[in-house]
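Undergrad: Pasting in a structure now, in structure tokens, and then I'll have a few things to ask.
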Amino acid sequence: MGENIRLSLKGIFSHKMRSFLTMLGIIIGIASIIAIVSTIQGTNRQIEKNLIGAGDNLVKVSLYQDGYTYYMDNGLPQGVPVIEESTKEQLSSIEHCQGVSVFRQRESYNVVYHLNTSMSGGYIRGIESDYLQTAGLMVKTGRGISDEDNRQLRQVALLDEATAQALFDGENPVGKTIEIQNNPFTVVGTVVAKEEFEPNIETMDDYYTYHQDNGGAVYIPVEMWPLIYQYDEPQSVILKADTTANMTSVGKQASEILNMAVSNENVKYQAQDLMEQAKQIQQLSQSTNTMLIWIAAISLLVGGIGVMNIMLVTVTERTREIGLKKAIGARKKTIMMQFLTEAVVLTSLGGLLGVLTGLLLAKLISMLNGTPMAISIPASVFSVLFSMLIGIVFGLIPSWKAANLDPIEALRHE
Amino acid sequence: MLLQLEHIYKTYGEGQLAVPVLKDINFQVNEGDYIAIMGPSGSGKTTLMNIIGCLDRASEGTYLFGGDDISSMNENQLSDLRLHRIGFVFQTFNLLETDTALENVALPLVYAGVKKEERNERARKALASVGLEDRASFRPGQLSGGQKQRVAIARALINQPKVILADEPTGALDQASGKQVMELFRKLHEDGITIIMITHDANVAANADTLYHIIDGQMSGGGQ
């Protein structure tokens, strides 16, 4: 075998130009596949990272109707009771759940004002003192919302950075008064996410996926909710899972627990499953790219035929050599293996060069498009193995031809 | 008795188009013989050589090689027989141009499954026995015709065959080189190696101990 590989390399390097051109089909095919796979994987990782955020592993469980988030502005749903303290305890005992916080939420829709400036987009949340901790928020200036605020029904508010920027344009908002539904609230602090997270937004789809996280938020003590919205509206829950992988199961269990108390057939608690969402977007990008891989595979087929063609030429050129080898005692199988090895070495070299070219190509694409790339070791290994297989398949006919040459005829060949 | 050919016929084609090439060849070779077979071109001497060399099978007749019946052997057995028991020397040398003299000589050992160090050592010895130890790393293109043929003879000897088959071994050589090759054959014969040589040149044939003629597929002679 070692001898065969030595012979093959000798044959390949004695015809450098020809060998390179023969390998080109394989190189292009493998390079395209590797480039596509690396780009897909990079994009997928980016999608996952964008959706799941900076690893805060937060699952939001809220009311859904017919698969869409239920908006309280459309009227309050029947049969959704207030979440009891015992239910909350049940939620916090879910496996892999590290924290639970219950809150009320409305989209803001121009109900928040500071002087004549309104906050457009974003949401208002009525929270308890444990919310900031669970949501991974950090007080940047001033203070947070305390149990005392809720007990005393204080009209205080927290702003996130986007809201502070929109309403106060760089001024320090702490101590200032804002209006929510015509009720004055004193700003007591601003909050920021503990971990900086910038989603990578390239398309409109990305924008719609992330905009809700970026729209700005106003937090008030949840006990103040009836003041601005008149009712103890149904609540939502955030849960912190210990790992990203456990988000889905924590979300499912939480919604099951919450739905036990819900008597409305149409409105149910449901987790906003970011992992699921990520997978859907990934599948979309994957299906387009799978087609590209098939097209690249055609190039491999053409490359394989090229290899077969050149191997046939090689066999003809080396007819005398084959005749001599058979005459002096090489078995059929030995000759067959020699040429098969040569074809496999040729295509494997092509595959190897293809993987390198593909990775360079992926790097180039990622630099030009700003998308990340991921080097897939399994895909690279598989590509080289697959090019070996091409060598075997397309080397078979030429090798068989070589092995079955009649030594007498072959030695007479000019 | 090393080789025994009895009533060997070889016919190409079938029916009306059948061309008989060898007709009733009876021929024996003993160990240590030095035989020349002479004949004009088209006389069937190459076909006979191919049959003796187990590259071709006879249409009729029995061929025993060291007592084994060739007609009962399969392709792999014939390959092994050629590898271990026959050494071929061709008119046009048939060396691999991209390999060194040493690699050319060692080639049959590759097929015999001999390890590389041993291959090289034995090939070096074989090259020395034909007086070319200093040309081991030369490629055929860097050797003269006579040297090439001596490399080819070293290759034929490498597996210590029972018999050397030489097909016009001096046909492509000038007189001086041809003479050197003949001297080498003489020396091999003195060492006890069996040699069968076909040629159309009477001067070359004269080197052998026994001379056969073949004309129109029929053999005659056997005299000293």
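The values are calculated or read from the model by the stated rules, or taken from the named source; none is laboratory data. It should be emphasised that the depicted structure is a prediction, and the values quoted were computed from it without experimental measurement. Note that each Cβ is placed from the backbone with ideal geometry, even for glycine, and that neighbours are counted across all protein chains shown.
Undergrad: Could you tell me whether segment A:157-172 includes any residue that is at pLDDT 85 or above, exposed (fewer than 14 other Cβ atoms within 10 Å of the Cβ) and under 20 Å from residue A:225 (Cα atoms)?
TA: No - not one qualifying residue is present in segment A:157-172.
Undergrad: Turning to a different aspect of this structure: Only one of (1) part of a strand (DSSP E or B); (2) away from chain A (no Cβ under 13 Å) fails for residue B:43. Which number is that?
TA: (1)
Undergrad: Could you tell me whether segment A:307-315 includes any residue that is within 14 Å of chain B (Cβ to nearest Cβ), at pLDDT 90 or above, assigned to a helix (DSSP H, G or I) and under 23 Å from residue A:4 (Cβ atoms)?
TA: yes
Undergrad: Which of the following residues is within 14 Å of another protein chain (Cβ to nearest Cβ), part of a helix (DSSP H, G or I) and either farther than 22 Å from residue A:8 by Cβ or not hydroxyl-bearing (Ser, Thr, Tyr) (or both): A:354, A:303, A:323?
TA: Unique residue meeting the criteria: A:323.
Undergrad: Select the strands (runs of 3 or more DSSP E) contained entirely in segment B:147-217, then report the ones holding at least 1 residues which are modelled with pLDDT under 95, more than 27 Å from residue B:112 (Cα to Cα) and touching a helix residue (DSSP H, G or I) at 6+ places or on another chain (Cβ under 8 Å).
TA: B:194-199, B:210-215
Undergrad: Looking at B:122, B:135, which is the one that is at pLDDT 95 or above and either at the interface with chain A (Cβ under 9 Å from one of its Cβ atoms) or crowded, with 16+ Cβ neighbours inside 10 Å (or both)?
TA: One residue alone meets the criteria, B:122.
Undergrad: Now for a separate question. In this structure, is residue B:127 buried (at least 18 other Cβ atoms within 10 Å of the Cβ), assigned to a strand (DSSP E or B) and not small (Gly, Ala, Ser)?
TA: Criteria not met by residue B:127.
Undergrad: Further question: Would you pick out the residues in segment B:74-90 that are at the interface with another protein chain (Cβ under 7 Å from one of its Cβ atoms), surrounded by fewer than 20 Cβ atoms within 10 Å (Cβ to Cβ) and among the charged types (D, E, K, R)?
TA: B:75, B:80
Undergrad: Just to be sure before I move on: is residue A:258 in the same structural domain as residue A:46 (by TED's automatic domain parsing) and part of a helix (DSSP H, G or I) in the structure I sent?
TA: For residue A:258, the condition - in the same structural domain as residue A:46 (by TED's automatic domain parsing) and part of a helix (DSSP H, G or I) - is not met.
Undergrad: Shifting gears a bit: Counting only residues that are in contact with a strand residue (DSSP E or B) (Cβ under 9 Å, 6 or more places away or on another chain) and under 17 Å from residue A:104 (Cβ atoms), how many does segment A:218-253 have?
TA: Result for segment A:218-253: 19.
Undergrad: Also: Applying the selection to segment B:50-73, what residues are under 20 Å from residue A:331 (Cα atoms) and more than 10 Å from chain A (Cβ to nearest Cβ)?
TA: The first filter runs over segment B:50-73 and keeps only residues under 20 Å from residue A:331 (Cα atoms), leaving B:50-57, B:65, B:68-73.
Answer for segment B:50-73, where residues must be under 20 Å from residue A:331 (Cα atoms) and more than 10 Å from chain A (Cβ to nearest Cβ): B:51, B:52, B:57, B:65, B:68, B:69, B:70, B:71, B:72, B:73.
Undergrad: Looking at segment A:1-110, what helices (runs of 4 or more DSSP H) fall wholly within it and have at least 3 residues that are in contact (Cβ under 8 Å) with a residue 24 or more places away in the chain, assigned by TED's automatic domain parsing to the domain that holds residue A:341 and not acidic (Asp, Glu)?
TA: Those helices (runs of 4 or more DSSP H) span A:2-14, A:16-52.
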